[in-house]
1. Answer with yes or no whether Ala174 is farther than 17 Å from Ala88 by Cα and assigned to a loop (DSSP other than H, G, I, E, B).
2. Looking at region 12-23, which of the residues that are surrounded by fewer than 17 Cβ atoms within 10 Å (Cβ to Cβ) and either under 14 Å from the mean Cα position of the chain (by Cα) or among the hydroxyl-bearing types (Ser, Thr, Tyr) (or both) is nearest to Asn72 (Cα to Cα)?
3. Hey, could you check region 156-184 for residues that are among the charged types (D, E, K, R) and at pLDDT 95 or above and say which is farthest from Asn60 (Cα to Cα)?
4. What about Asn72, is it touching a strand residue (DSSP E or B) at 6+ places or on another chain (Cβ under 7 Å) and within 22 Å of Met156 (Cα to Cα)?
5. For region 132-150, indicate whether the set of residues that are within 23 Å of Leu11 (Cα to Cα) and part of a loop (DSSP other than H, G, I, E, B) is non-empty.
6. Pull up region 116-131, narrow it to residues that are among the β-branched types (Val, Ile, Thr) and not in a loop (DSSP other than H, G, I, E, B), then point me to the one that is nearest to Asp31 (Cα to Cα).
7. Just give me the residues in region 24-79 being charged (D, E, K, R), buried (at least 18 other Cβ atoms within 10 Å of the Cβ) and in contact with a Ser or Thr (Cβ under 7 Å, 6 or more places away or on another chain), in sequence order.
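The values are calculated or read from the model by the stated rules, or taken from the named source; none is laboratory data. Values in this document were obtained by computation on a predicted structure and should not be read as measured data. Don't worry about glycine lacking a Cβ; one is built from the backbone with ideal geometry, like all the others, and counts go over all protein chains shown.
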Amino acid sequence: MRDLRVTPHALTGHDADREAFRRMMRDSMGDSPTMRNLVSGIGNDTDPNHRITAPVGTPNNVMVDSFGARANGPIDLADLRQFPQSAASDHPNEMTRGEQIAHILAERRSAMTSADPTDFNPAHAAATAVHNEDRAERGQAAETSSPGHAGPNGGMIGTTNNSDGTRQDVHFDASGNIISMDRP
């Protein structure tokens, strides 16, 4: 492990997985000032108590990412790959890979800069605000809620509701893998 100034402080996992995550971040930084500011803020923070770790790979029972203790749970690259880099012109409000990564990083940063890095709710709220900034840059409606409910065969369905009334369902199998998405 080494310090990464323009990525999370410590990416762990196989070399190929770490490089894949870095590539996804670079792709997102290329067209999002929000993502560039977020990653720069993480990379330029020298306080060791604010260090973010990001174990990347394809773990089972993780739906995109897991907050984990001290906001250091695993990130599932297979799930991230299911999201498009940019929304399709006929589905302008569909979730993108960049907003997912912005959410993951902002949630971890918020937790690590708070008084209690294990407190999920305020970190999640802060991350939703950041990924909504990313969505606004792209002309997308803001996410207003993201409830989950039981799906078939032990899976789950995560629903993202947007301020313009559109919604998107993401279907997970019993192992936490994305099996399909209904576009908004």
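1. Considered against the rule, which asks whether it is farther than 17 Å from Ala88 by Cα and assigned to a loop (DSSP other than H, G, I, E, B), Ala174 comes out as yes.
2. Taking the candidates together, the pick is Thr12.
3. Asp164
4. no
5. No, region 132-150 contains no residue that is within 23 Å of Leu11 (Cα to Cα) and part of a loop (DSSP other than H, G, I, E, B).
6. Here the answer is Val130.
7. Residue satisfying the conditions is Asp76 alone.
Each row is one residue, and each column tells you yes or no for (1) over 17 Å from the mean Cα position of the chain (by Cα); (2) surrounded by fewer than 14 Cβ atoms within 10 Å (Cβ to Cβ); (3) over 24 Å from Gly57 (Cα atoms).
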{"residue": "Pro92", "(1), (2), (3)": "yes, no, yes"}
{"residue": "Glu99", "(1), (2), (3)": "no, no, no"}
{"residue": "Ser114", "(1), (2), (3)": "yes, no, yes"}
{"residue": "Gly139", "(1), (2), (3)": "yes, yes, yes"}
{"residue": "Gly154", "(1), (2), (3)": "yes, yes, no"}
